[in-house]
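Please read the structure below before turning to the comments.
The values are calculated or read from the model by the stated rules, or taken from the named source; none is laboratory data. Model, not experiment: these values are computed from the prediction. Every residue, glycine as well, gets a Cβ built from its backbone with ideal geometry; the counts of neighbours run over all protein chains shown.
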């Protein structure tokens, strides 16, 4: 009976933890429902909680504004070929103000970077000394 | 003799084509010398000319400003793990105004996107209908 | 006539080679039919034979047990974004005993590794001497 | 003066936050110093804190033991070609008990998965219905 | 009115630029319609023009014949897992003369390269001096 | 004593198996020594044997000639950013007859494919029906 009860408690807890995250997503984004990504992650409450906490913190306005962050997200997703992420973050970027002209330039840079990344690989180009010098290296702590 | 002469002309032509591109890079960027990437591409003048023309056009200010474009370039290069491109475009981004705080947020978004791209893959998340609807599809031409 | 006959023999041979591999897959895995992957590879009998021989040898129990091997297969497929491989090897891993809790942790590690791989790239972190020293290097042969 | 003081406080805070994370890494891993990865991330205290919290939680023993988790980390890092991560997590895996025989089998699976991922892509293999059925889909919540 | 007129002119110009590229694609490839890739890129005339100009120049017969070029295109697309590109360039390669036997060998090399790329990563193999010496390095210009 | 002897036998066997592969590589390629890749794989004789058998079979002349195969190997390695593989297979390709002009075109195609792969991803281009129809699908067996 103890086992059965503890199992029920665990199940409830799973459900409660998911509900808390879903509620926060809906409130933060002002949407009536969460998108499929969160519904699938909800199979693992710990992963759901950690991922949402991370996304919420990382995508908040800071030194970079949210539109730039969404476009960077699209750039990575397009480079990795993640169909779901391209669809969802392109939609988010448009919602945040990305125009068709901005999308076109974003794609142009992503395409060009993917091309020249391979040219640099193939021609085995050594890093210029000035680039090495420009690198900040590890944190300078007193 | 004709062969020898045409060979020499071709060699000169190769050299002239490279010089024209190098001069344009130096003038456009106001730098005394081109970086290693261009010196290696110079082995193939057609590739050098096409790549420089593309980079020059794509990276020019437009709907997106040059700093945003450089950060997108860094995001792609970091995702692909291209050591040369990370070093050179991080330097360009700093030159264009990227602060350490902006770099930290750029890396945070790139890291998060690379993580969630794999979660979406692994959980096999289907694309939400609202994202499909938000997609502009092919060009609408009259 | 000779040509026609040799063509028929080649066709038969192709069919026989495929049948031999399919029979071995069915027997080894105790399944009534092979999955689509093998049916497509069957267009090239040499590729089919070599791939099956490799998979059979590599995935057999050894220093690592089959469940761990299947989870590593899933980790790679998720990182590469191969939809077919994610679906098939997740199914194999579940069959070999992967629970939902194990799947959640597998995804968490895969996501985290994909994130920190990019942070290490972007921050251009040099390899610590202790890691270099820990590397076994080439085989020590007498 | 206020500006100068607030600047100093911020600097101290940056330093304090880094020290707190470094101390926790050293204590958790029982090592005299942190490795280069953390020294570079320390340029951004928020990224450092979030990354360490994530790694600590994800790599802790759970449904999967730490050795399996380290080997999955290696599998991802090898697939992505992250030199730093391959060196550091191979060392961690050895420390956690990975033998040379286990490493050889790990590499064999990683190599095979990377090969068959591309065969599945190239032959455009459709997902078998049984694999679709085996997928748990979104969380089943009451 | 001026705004309305200039808007109409811009629209016409967009349409005209697309038509010019589409006409050139149809004529160059002797096809009645362009494929979806171009119809989507047509949302950004500058990207459309630059991409078509690049593809036309790069895929033309030169030191490598068109069939070899198409197979290299397939090899890259399969490695990146780009579903659209695999489908379209496999079709182009077949049109250019790729037989089923050639396709099988192409896939075998692509699979093998993706496997050994990871073995070289995982075993952290240092580059042999003879390979370093064989590299042409930057262009030798007089 | 039995243990000590069996250990010695195993060691000898390891050494013998490596020697047999190394001898075959030297004879097949007519080289005085094997390159570093094989010396590292030699830590695992089973992996060494299987990898060499695969490479030998796949890279042999067939429907595609060895030079084309080496260039496909380079295309994959450049796309994956495998430094060792780029260096070694570029050297092999040059040995097999790749001229600088061929290398330039190879790089141009690889760069272009990596660019357009991302454009197809980002614009979410659906596969044309004619490409679906052109796909051979699973093997047609009587």
* Which listed residue is closer than 16 Å to residue C:135 by Cβ, at pLDDT 95 or above and assigned to a loop (DSSP other than H, G, I, E, B), from D:98, D:107 -> D:98
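To keep it simple, each residue is scored yes or no on (1) buried (at least 19 other Cβ atoms within 10 Å of the Cβ); (2) touching a residue at least 60 places away in the same chain (Cβ under 8 Å); (3) touching a helix residue (DSSP H, G or I) at 6+ places or on another chain (Cβ under 6 Å).
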{"site": "C:62", "(1), (2), (3)": "no, no, yes"}
{"site": "C:70", "(1), (2), (3)": "yes, no, yes"}
{"site": "C:84", "(1), (2), (3)": "yes, no, yes"}
{"site": "C:108", "(1), (2), (3)": "yes, no, yes"}
{"site": "C:129", "(1), (2), (3)": "no, no, no"}
* Enumerate the pairs (first residue in the range F:3-31 and within 12 Å of another protein chain (Cβ to nearest Cβ) and over 16 Å from residue C:139 (Cα atoms); second residue anywhere and in a helix (DSSP H, G or I) and modelled with pLDDT of 95 or more) with beta-carbon separation below 8 Å, excluding pairs fewer than 6 apart on the same chain, so at least 6 apart or on different chains. => F:31/F:25
* Residue under evaluation residue B:74, criteria (1) within 7 Å of another protein chain (Cβ to nearest Cβ); (2) more than 18 Å from residue F:121 (Cβ to Cβ), criterion not met -> (1)
* Asked: Inside the range F:22-56, can you point out the residues that are under 17 Å from residue E:109 (Cβ atoms) and surrounded by 15 or more Cβ atoms within 10 Å (Cβ to Cβ)?
  -> F:37, F:50, F:51, F:52, F:53, F:54, F:55
* Do we find a residue being on the phi < 0 side of the Ramachandran plot and surrounded by fewer than 19 Cβ atoms within 10 Å (Cβ to Cβ) anywhere in the range E:74-82? -> no
* Asked: Could we say that residue E:98 is under 24 Å from residue F:98 (Cα atoms) and more than 14 Å from chain C (Cβ to nearest Cβ) here?
  -> no
* To do: Return a yes/no flag: does the range C:103-116 have any residue that is within 26 Å of the chain's Cα centre (by Cα), on the phi > 0 side of the Ramachandran plot and more than 7 Å from every other protein chain (Cβ to nearest Cβ).
  => no
